[in-house]
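The values are calculated or read from the model by the stated rules, or taken from the named source; none is laboratory data. Remember, it's a predicted structure, so these values are computed and weren't measured experimentally. Neighbour counts are summed over all protein chains in view; Cβ atoms, including those assigned to glycine, are modelled from backbone coordinates with ideal geometry.
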Amino acid sequence: MFSRLPPVTQALLIANTALFLLQLMLGQSTFAPFMLWPLGGFDPFSPGENFQPWQLLTYGFLHASFGHLLFNMLAVYMFGAPLELTWGPRRFLAFYLISVAGAGLCQLAVGWWITSGGGAAYPTVGASGGVFGLLLAYGMLFPNQRMMLLFPPIPMKARTFVILFGITELVLGFTGWQPGVAHFAHLGGMLFGWLVIRYWRGQPPFGRRGPPRGPSHLRRVK
């Protein structure tokens with residue numbers, strides 16, 4: 001089954017799993033220069049516990065725990081494969097990386113706001129920003145596809161699933177009911193994923209209103 005996955009989805013699963021194993025063997029501190037650190041200190045000669053530009057991508061390939069990795073990779077498997085088969089490898093990879101970087105930018109903004117108010121900010125890791133971008137794209141391309149919540153097991157359309165996830169992340173982000181989770185990074189992944197699809201389709205805010213433009217595989221599938 002794994003060998004039948006499209007190439008980029010397969011590569012993402014392998015890369016994230018391999019790096020997590022290296023984190024276990026070498027220790028989290030070894031990968032500190034690749035975590036997403038808050039703004040406030042930029043020292044190009046000491047890329048340890050301070051922000052570096054490359055972290056906007058590298059943080060998305062590191063994970064804090066096995067459960068964290070498992071949830072994200074399951075989502076990449078579920079949503080990434082059909083999207084890559086629809087878009088093709090290059091467009092899919094570009095979309096995923098933009099979602100990861102966009103989520104990182106939103107997390108930096110939130111981290112700056114927290115630290116400016118006297119709060120403590122910590123490094124961010126995880127592919128969740130890219131995953132939430134994939135979730136948003138799946139809901140846009142396959143809005144009527146039936147999905148099932150795990151807890152509770154309620155079937156619903158993909159479009160409804162995405163809306164509920166977005167609202168949940170927004171509420172958790174503003175209330176702080178689930179500390180230690182980068183909820184605004186998740187929302188940032190969804191936001192940038194939405195912007196990329198709108199750009200590809202030539203829709204506002206990037207184009208004039210009217211019939212969708214561009215190849216049909218950028219539009220809703222069913």
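Quick rundown of the values:
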| item | result |
| --- | --- |
| Helices (runs of 4 or more DSSP H) lying entirely in the range 102-220 (those with 2 or more residues that are modelled with pLDDT under 80 and within 18 Å of the chain's Cα centre (by Cα)) | 158-175 |
| Residue satisfying all of: in the range 15-32; at pLDDT 95 or above and of a type in the set (S, T, N, Q); nearest to Gly129 (Cα to Cα) among these | Asn16 |
| Which numbered condition Arg146 misses (of (1) among the basic types (Lys, Arg); (2) within 14 Å of Gly193 (Cα to Cα); (3) in contact with a Lys or Arg (Cβ under 7 Å, 6 or more places away or on another chain)) | (2) |
| Met35 being at pLDDT 90 or above and under 30 Å from Arg159 (Cβ atoms) | no |
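Okay, residues lined up against (1) buried (at least 19 other Cβ atoms within 10 Å of the Cβ); (2) in contact (Cβ under 8 Å) with a residue 12 or more places away in the chain; (3) touching a helix residue (DSSP H, G or I) at 6+ places or on another chain (Cβ under 7 Å); (4) of a type outside the set (A, V, I, L, M, F, W, C):
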site: Leu36; (1), (2), (3), (4): yes, yes, yes, no
site: Leu39; (1), (2), (3), (4): no, yes, yes, no
site: Trp54; (1), (2), (3), (4): no, yes, no, no
site: His63; (1), (2), (3), (4): yes, yes, yes, yes
site: Leu74; (1), (2), (3), (4): no, no, no, no
site: Glu84; (1), (2), (3), (4): yes, yes, yes, yes
site: Leu97; (1), (2), (3), (4): no, yes, yes, no
site: Gly102; (1), (2), (3), (4): yes, yes, yes, yes
site: Leu108; (1), (2), (3), (4): yes, yes, no, no
